[in-house]
Every structure is written in C-alpha cells, then in structure tokens.
Amino acid sequence: MRAIVFLLFVVLIFLIARFVLNRVIEIREKQRQQDLQNQKAQQAKTNDNPEEMVRCAECGVHLPQAEAYFDGKHTFCSEGHMQKYHSEHQNDNQE
Ligand SMILES: [Zn+2]
C-alpha cells in the first residue's frame, strides 16, 4: 500500500513539474512573441517616420541626425572627429 502511495506521489510531482515547465515555456514564448511584435511595431514606426541619417565627414560612419554633431557645414559622429576633421582641414588650407 505504501508503495502505491509513494508511486502516486512521484507521479504527482512529475505532473506538477511538467505543468510548471510547460507554463514557463508558454510564458517565455509569449514574451518572445511580444518582443517580436514590439520590434515590428518600432520598425513600422521608424519606416513611417524615418529618422534622417547623416554621414560623419571624418570616418564615414552613418548615424541618426539627432545624435550627430553639426558644425554648420559637415556632420560628425563625435566631437573628437569634428575637431580632428577641422584640424586636418586647417592644415590642408595652410599648405
Ligand atoms: Zn566619425
């Protein structure tokens, strides 16, 4: 009799473990799908209203205009590249 109770207990544990595992997988899958949907929504948003990309005059990397440094004539990816470009340009003019 005790063996049957123990067996039932083991089966119950097994079923609970499986149930919990399934729930975890289900929740993860839902989150992943939600993330994918969010990404798609964001992509659609950016496609509808594309942020203008500009090119760094120093290294040629493309970046959103909002993150770029603008000196009135050229755009740069960083303040360092703006200064570097200006110093190089000045040297070119002097020569
Ligand atoms: Zn750059």
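The values are calculated or read from the model by the stated rules, or taken from the named source; none is laboratory data. Because the structure is predicted, anything quoted here is derived from the model rather than measured. Reconstructed Cβ throughout: ideal geometry from the backbone, glycine too, with neighbour counts over all protein chains shown.
Out of GLY80, GLY60, report the one residue that is at pLDDT 95 or above, within 12 Å of the ligand (Cβ to nearest atom) and outside any loop (DSSP other than H, G, I, E, B).
The conditions single out GLY80.
Could you go through region 10-25 and let me know if any residue there is within 30 Å of LYS84 (Cβ to Cβ) and either assigned to a loop (DSSP other than H, G, I, E, B) or modelled with pLDDT of 90 or more (or both).
no
Anything in region 26-77 that is among the acidic types (Asp, Glu) and either surrounded by 10 or more Cβ atoms within 10 Å (Cβ to Cβ) or more than 30 Å from SER87 (Cβ to Cβ) (or both)? List them, or say none.
Passing the criteria: GLU26, GLU29, ASP35, ASP48, GLU51, GLU58, GLU67, ASP71.
Please name all residue pairs, on different chains or six or more residues apart, with Cβ atoms under 6 Å, provided the first residue is in region 75-87 and is closer than 12 Å to ALA57 by Cβ and the second residue is surrounded by fewer than 16 Cβ atoms within 10 Å (Cβ to Cβ) and of a type in the set (D, E, K, R).
Every condition considered, the pairs that remain are MET82/ASP71.
Is it the case that region 3-17 has a residue that's surrounded by 10 or more Cβ atoms within 10 Å (Cβ to Cβ) and under 30 Å from ALA66 (Cβ atoms)?
No, there is no match, as no residue in region 3-17 is surrounded by 10 or more Cβ atoms within 10 Å (Cβ to Cβ) and under 30 Å from ALA66 (Cβ atoms).
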